[in-house]
Structures are given as structure tokens and as C-alpha cells.
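Note sheet for the following structure.
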Amino acid sequence: MSTIKNIAVFTSGGDAPGMNAAIRAVVRTGLYYNLNVFGIGRGYDGLVHDDLFAMDAKSVANIIQRGGTILKTARSEEFRTVEGRRRAFENLQKRGIDGLVAIGGDGTFTGASKFIEEYNIPIIGLPGTIDNDLAGTDFTIGYDTAINTVIEAVDKIRDTAESHDRVFVVEVMGRDSGLIALRSGISVGAECVLIPEIKVDYQAMMDRLDRTRKNKASRVIIVAEGDDAGGAFVVAERIKERFPHYDLRVSILGHIQRGGSPTCMDRVLASRLGVAAVEALMEGRKGEMAGLIHGQVAFTPFEKAIKHIGAVNDNLLRIVDILSS
Ligand code: F6P
């Protein structure tokens, strides 16, 4: 028998498509179990500044298909302080909130761990980030939409690159993770993919560009924002030094990757995990992220979820190599 009566949900860190579907699932599941559900505006910042409001079934109507987050999001400096967290706890106490659902990435879960350590408040996390850089889930909410946005954009770039016999260096998001670059790179038939997890082998890259020239009019190199080369412009300069005759262009895809209507995969993932998060709070779980592992809901402690070790699948890089010729 659950003792939870009042829960609150918030989104934190960088937004991701599917966050709204997750909010909707949390609110509707809470109401289904006769809980009072609150929303918190602007993540931890709203918690510190008492931006809490009651939510009902209507407040989440017509949002499953919308990108962004209706609750808004922020990266809060104040919540990093002892005083900030004290104020946040007092705001929860005022309303008798006895469970939280935190939707975000590693920064969100680091904050949640600290909050639990100090105030023992039950928190369940949902993986909301386009980067897919969390352990304990095959995919994060937003990743599928983001990589589909990338492939739509790069397919268009390929059309013009092919018409002009050009080489394009395309930068995608992923400050600490190459998973957007890797999967979208395979999908667009990229000739090279550069990611933060692997040191750039310029020699191999130049050799491949030279070799593939025989079979291809255009070449596309996908560079993750956080790659160790220093970004797309640096990579382009190095290529230009080696092959001054190449007609070379750089394209930075930027924040279009964070917006847009979530794909079916992201909507279903967010819906399943939203239901699981509320039920987990009712079962007395806390300090864990709900994810999907091999298609089944699984819970991973925050400390483990944020240590995304061994995320890069070498086999995917091998596939880029084999198929780029
Ligand atoms: O964490 C998601 C992410 O999209 C990263 O890939 C990227 O580096 C970062 O957010 C950029 O965030 P912002 O522009 O909001 O600071």
C-alpha cells in the first residue's frame, strides 16, 4: 500500500523532444492513481524559487506531439548550493510533496542524488537528453528524434554536395558523447565519423578521403561537437592543408537537433517510462533512473546511470569503415 500522496515533476538541463510526452505520462499516471500532481517550472531553479503549480489532465492535453518542454528547463546555479537546496526542500514541504520525477540527463541526476543524500526525498529519474549518454537505458528520450533530424539535414546536404563534387564537414551535437554522430553517420553513409571518445586518426581519415574519391563525387564527414580535434572548422582546415584542391564546406547543425516533434519511438519510450516512474515512487523506490534495457523497464541507481562507460560500440565505427569505401 503506497503512502505517496503528492508528487511533482520537472525537466532540467538541455531540453529534448519527448519531454512533453514524459510529463504527460507522469501527470496522467499520477491522476490515475488518485495522487495530487504538481509541475515545477524551470527545473531546479523553479524548485528553489517556489515555481510550483497543480496540474490536471487538461494541463497536459495536446502536448504529446510537441517538442521542447511545457515546464521549461534551466541549469540552476543556486541548487548547487546548500542554501539553494534547503529552500528547495522547504518549498516541497510546504505542499506536502512526497515524491519527485526528474526528467533530464547527468547533471539532473547528480543534483537529485545530492538532494536525496541531504533530505531523503524520494526521486525517480527519466532519461531526457538527445545525447543518449546515460547508462541503464538502451536509448534516452529525444535521441531518436535528434538523429532523425540529423539524417534529414545531412541527406539534403548530400544532394548539394553531390551536385558540386564537394566535401562537407558536418558538426552534430554531443559535447561528451559521439552517439549522435555515430548512428546518424551510419544512416547517411558518412565517409568518416569523428567522436570525443576516440582520438582522431588524421592519417586514416585523409587516406579514406583520398581512397573514396574514386567512387564518390561527394564526401561527408560527421564530427561530434565535443570531438578531440576541436570541432568542424579545425577538421576542415586540416583537410584543406592536405588537399588544397578539395571544394570544401562546413555545416554546423546546432540546436535544430534539440527541437521538433518527437518520433513514435520517443513518444512510446517517454510514455512507458513516465508510467513506470510514478509506479516506482508508489512502490517506495528512489534514487534510480527508469530506463528500457532490451525492451524491458529497468531501474538503475543515479550514480551508475551517469557513468556512461563503454557506450561507444566499436562495431558501429567498424561499420562506418567497411561501408564508406
Ligand atoms: O546535453 C545535450 C546537448 O545538446 C549537448 O549535446 C550540447 O553540447 C549541449 O546540450 C548544448 O547545450 P546548450 O546550448 O543548451 O548549452
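The values are calculated or read from the model by the stated rules, or taken from the named source; none is laboratory data. In this text the structure is predicted, and so the values were computed from the model without any measurement. Ideal geometry is used to build each Cβ from the backbone, glycine not excepted, and the neighbour counts take in all protein chains shown. These accessible areas exclude ligands, DNA and RNA; they are computed on the full protein's heavy atoms, side chains included. Shrake-Rupley method; radii C 1.70, N 1.55, O 1.52, S 1.80 Å.
The table for this structure:
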read-out	value
For Met55, distant residues with modelled amide H under 5 Å away	Val37, Phe38, Gly39
Rounded to whole Hz, the Karplus (6.51, -1.76, 1.60) HN-Hα couplings of the range 72-85, x for glycine and proline	6, 9, 7, 10, 8, 6, 5, 5, 6, 9, 4, 5, x, 5
The chain: angle of helix 19-32 to the longest principal axis, Cα-based, in degrees nearest 10	20
Sequence ranges 210-220, 138-148, ranked by mean other-Cβ count within 10 angstrom, highest first	138-148, 210-220
Set of aspartates and glutamates near Lys114 by C-alpha distance (under 12 Å), chain-local residues within fewer than 8 positions excluded	Glu303
On Cα atoms only, tilt of 202-212 relative to the major axis of the chain in degrees	60
Charged-residue dipole, Cβ positions (Lys, Arg, Asp, Glu), the chain about Cα centre, Debye nearest 20	520
Dmax and Rg, reported as Rg then Dmax, of the range 143-258 (C-alpha, Å)	12.9, 37
Cα-based helix-to-principal-axis angle, 314-323 vs the chain, degrees rounded to 10	30
Ellipticity estimate at 222 nm from DSSP helix runs (n ≥ 4, -39,500 (n - 2.57)) divided over the chain, nearest 500	-12500 deg cm²/dmol
9 Å beta-carbon shell around Glu191, net charge (K/R +1, D/E -1)	+3
Solvent exposure of the chain as accessible area per residue, Å², 1.4 Å probe	44
Förster radius 51 Å - calculated FRET efficiency between Arg80 and Leu323 (Cβ-Cβ, nearest 0.05)	0.70
Those GluC sites (Glu not before Pro) in the range 255-325 that DSSP places in a loop and that have at most 15 other beta carbons within 10 Å	Glu283
Cα pair distances in the chain, grouped into 20 Å bins until the bin that holds the longest one, percent each	33, 48, 18, 1
Residue pairs, from the table Lys94/Lys304; Lys58/Lys94; Lys72/Lys156; Lys199/Lys307, whose Cα atoms sit over 29 Å apart	Lys94/Lys304; Lys72/Lys156
Ranked by how many other beta carbons lie within 10 Å on average, peptides 1-8, 111-118 from highest	111-118, 1-8
Whole-angstrom gap from the range 185-216 to the range 70-137, using each part's C-alpha centre	40
Surface share of carbon and sulfur [accessible, 1.4 angstrom probe, percent] for the chain	51
FRET efficiency, 1/(1 + (r/R0)^6) with R0 51 Å, evaluated for Asn215 and Tyr33 via beta carbons	0.30
Amide proton proximity set for Ile293, modelled H, under 5 Å, gap of 5+	Asp138, Ala298
